[in-house]
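A short reminder: the numbers here are calculations on the coordinates, not readings from a lab. Quick caveat: nothing in here was measured; it's all calculated off a predicted structure. Positions of Cβ are backbone-derived with ideal geometry, glycine not excepted, and every protein chain shown enters the neighbour counts.
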C-alpha cells in the first residue's frame with residue numbers, strides 16, 4: 001500500500017458535505033492525506049480539507065476540481081429526484097470521463113448490496129449502472145457495496161430511528177421481514193480509507209457489512225429496546241410501496257421521493273455474499289447494538305461538520 005507521504009497528488013471527495021463524505025474527509029486528513037472537498041458551495045463549506053467548487057451535474061466544473069488528483073471518491077446520488085436514474089447515469093459518465101482526462105489512478109465508489117440473481121429495485125439497479133459508468137473511460141474503480149449504514153444523519157438509519165421514536169405501534173408492510181446486514185458508518189469510513197492506494201483493491205468490487213444479518217423489524221425492535229421503549233409491530237402484507245413512502249413521510253422527515261426509492265429496495269435482501277474485503281482491510285466491525293448506541297449519542301450531541 002502506498003503511504004500518504006509517498007503517494008503523489010491530492011485526493012478528491014465528491015459529496016464531501018454529505019453523511020459519509022464529511023466523516024471520510026476528516027478521516028483522510030487525519031491519516032495525513034491532502035484532501036479536496038468538492039462541493040457546490042465552497043464559500044459556505046465548514047468541514048476539513050480544501051473546499052473546491054464542483055458539481056457532478058455540471059461536467060464543465062469537474063476538470064478543475066480533479067486536476068492533479070491521484071484518486072477520487074464518488075459519494076453522490078440523486079435519490080430525491082423522480083429522474084434519479086438518468087441524472088445519476090449522466091453524472092457518473094461525466095465524472096469518470098473527467099477523472100480519466102485528469103489522470104486519476106483510482107475512483108472509489110460506495111454502492112449498494114444486493115444479489116443480481118434477484119430482481120433488483122430501480123435504486124439498486126441504478127447503483128450497479130453507476131459502478132460501470134464511472135470506469136467506462138478507463139479509470140479503475142474500487143466499489144464498496146453496503147446495505148443500511150447506521151449513523152446519525154444517514155437516511156435509512158434516520159427512518160429507523162424516527163419510526164421507533166414516533167410510534168409506539170406501527171402497521172408495517174412485508175418488507176420489514178427482509179434481511180439486511182447493517183454496518184456502522186465509522187466502519188464504512190474505515191473501509192473507504194483502507195482501500196485508498198491499495199493495490200489489492202484497484203478495480204475490484206467488495207461487499208461490506210457488520211457482523212449480523214437482521215430483519216428490518218428486528219432492527220427496529222432492538223433500537224426500541226436500547227431506547228427503553230415499547231414497540232408493537234403489526235404486519236400488513238398488502239401495504240403498497242407508494243402507500244409505504246407516504247406513511248414514512250407522515251411520521252419521519254424522510255423525503256417522500258427518497259423514501260419511495262428506499263422502500264422499493266427493501267424488497268431485496270442486502271447481505272454480504274463475499275467477505276474478501278476482510279483480507280484487504282482487516283478489522284472487526286462493531287455489532288449492531290453498539291452502532292446504534294453510537295448513532296444515538298451522535299444525534300443527541302451532533303458532531304461538528
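Structure above, values below:
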{"item": "Cβ-derived FRET efficiency at R0 45 Å, residue 43 paired with residue 278, nearest 0.05", "result": "0.60"}
{"item": "P(r) weight above 17 Å for the range 27-88, C-alpha pairs, percent", "result": "47 percent"}
